[in-house]
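Since every read-out is calculated from the coordinates, none of them should be taken as a lab result. Nothing here was measured: the structure is a model prediction, and the numbers come from that model. We place every Cβ from the backbone using ideal geometry, glycine too, and count neighbours over all the protein chains shown.
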Amino acid sequence: MRLLLIEDDVALGEGIHQALVREGYTVDWLKDGSSALHALLSETFDLAVLDLGLPRLDGLDVLRRLRSTGADLPVLILTARDATEDRIAGLDAGADDYLIKPFDLAELKARLRALLRRSAGRAQALIEHSGISLNPTAQQVSYRGEAVVLTPKEYQLLHELLSPPGRVRTRDHLMQLLYGWNEAAESNTLEVHIHHLRKKLSTDLIRTIRGVGYLIEERR
Ligand code: CA
């Protein structure tokens, strides 16, 4: 799961960033509204945590512009503005949930889990392909009826390659999804995860497209 954190308060941002990375999320962090909007429109995220008072572009404007493109990723707004009208404006602009500062990190984590569960259920039921059954709500995978234990990164990778199958995912795209911009990763780490997926599932499941990336065929 790749989250975008948009928060200009450095101390608060660091606290949230650390807490979410510890939960196993891939977290990228931006500190102004304008670069956040650009990233949200040009890259793939599963969820955004959005502060409202931001330099360069207000959080509400980020949200309105994002929703005007039809993007439906879950957005949780963080706001120091405790006035009822600000919360209403946020929800009207397309936020899925909000938290008022100061908040408890445990509550933030619980709300993110709920949002991700809901969006997984909304976006897709069980994904079934070539004997694989992937349940996005429970984050569980089985192959030919037998449960398969995947690491969080392996799960993310398989989920991406199957959503939907038949499309080549570039190495860059997959590395970003798994590691974001900041997390240092060894250059062969993607190959290692692919290798493990092939071993745990089926050796001919994932095709390597040399010099480009990886693909699970639409029909096998
Ligand atoms: Ca702020």
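Centre-to-centre, using Cα atoms only, the stretch 1-74 and the stretch 145-212 are separated by 24 Å.
Cross-link partners for LYS31 among the lysines, with Cα-Cα distance under 22 Å and sequence neighbours closer than 8 places in the same chain left out: LYS101, LYS109.
Within the stretch 147-186, whose backbone N sits under 20 Å from a point 7 Å along Cα→Cβ of ARG210? Residues passing the 20 Å test: 168-172. Neighbour counts of other Cβ atoms within 10 Å put MET175, MET1 in the fewest-to-most order MET175, MET1. The alpha carbons of the stretch 127-216 stretch over 35, 25, 21 Å along the principal axes, in descending order. From its DSSP helices (H runs of at least four residues, each -39,500 (n - 2.57)), the chain gives a residue-normalised ellipticity at 222 nm of -13000 deg cm²/dmol. Could you work out the mean projected area of the convex hull around the alpha carbons of the chain, in square nanometres to one decimal? Mean shadow area of the hull around the Cα atoms is 12.3 nm². Counting only lysines at least 8 places from LYS200 when in the same chain, those with an alpha carbon closer than 17 Å to its own are LYS153. When the chymotrypsin sites (Phe, Trp or Tyr not before Pro) in the stretch 25-82 are filtered for DSSP coil states and for at most 13 other beta-carbon atoms within 10 Å of their beta-carbon, no site remains. Distance between the pseudo-spin-label points of ALA19 and ALA138 (7 Å out from Cα toward the beta carbon): 2.9 nm.
Among the trypsin sites (Lys or Arg not before Pro) in the stretch 152-181, those placed in a DSSP loop whose Cβ has at most 15 other Cβ atoms within 10 Å are ARG167.
Counting neighbouring Cβ atoms within 10 Å and putting the fewest first, the residues THR151, THR203 line up as THR203, THR151.
The order of ASP51, ASP8, going from fewest to most other C-beta atoms within 10 Å of their C-beta, is ASP8, ASP51.
Where a ≥ b ≥ c are the square roots of the eigenvalues of the C-alpha gyration tensor, would you call the stretch 1-52 rounded, which needs a/c under 1.5, or, failing that, prolate if a/b is larger than b/c, or oblate? Don't jump to the answer; show the numbers that get you there.
Numbers: a/c = 2.55, a/b = 1.14, b/c = 2.24.
It is oblate, given that a/c is not under 1.5 and a/b is not larger than b/c.
In order along the stretch 16-33, the phi-based Karplus estimate (6.51 cos²θ - 1.76 cosθ + 1.60, θ = phi - 60°) of 3J(HN,Hα) comes to 5, 4, 4, 4, 6, 4, 4, 6, x, 7, 7, 10, 10, 10, 10, 10, 9, x Hz; Gly and Pro are listed as x.
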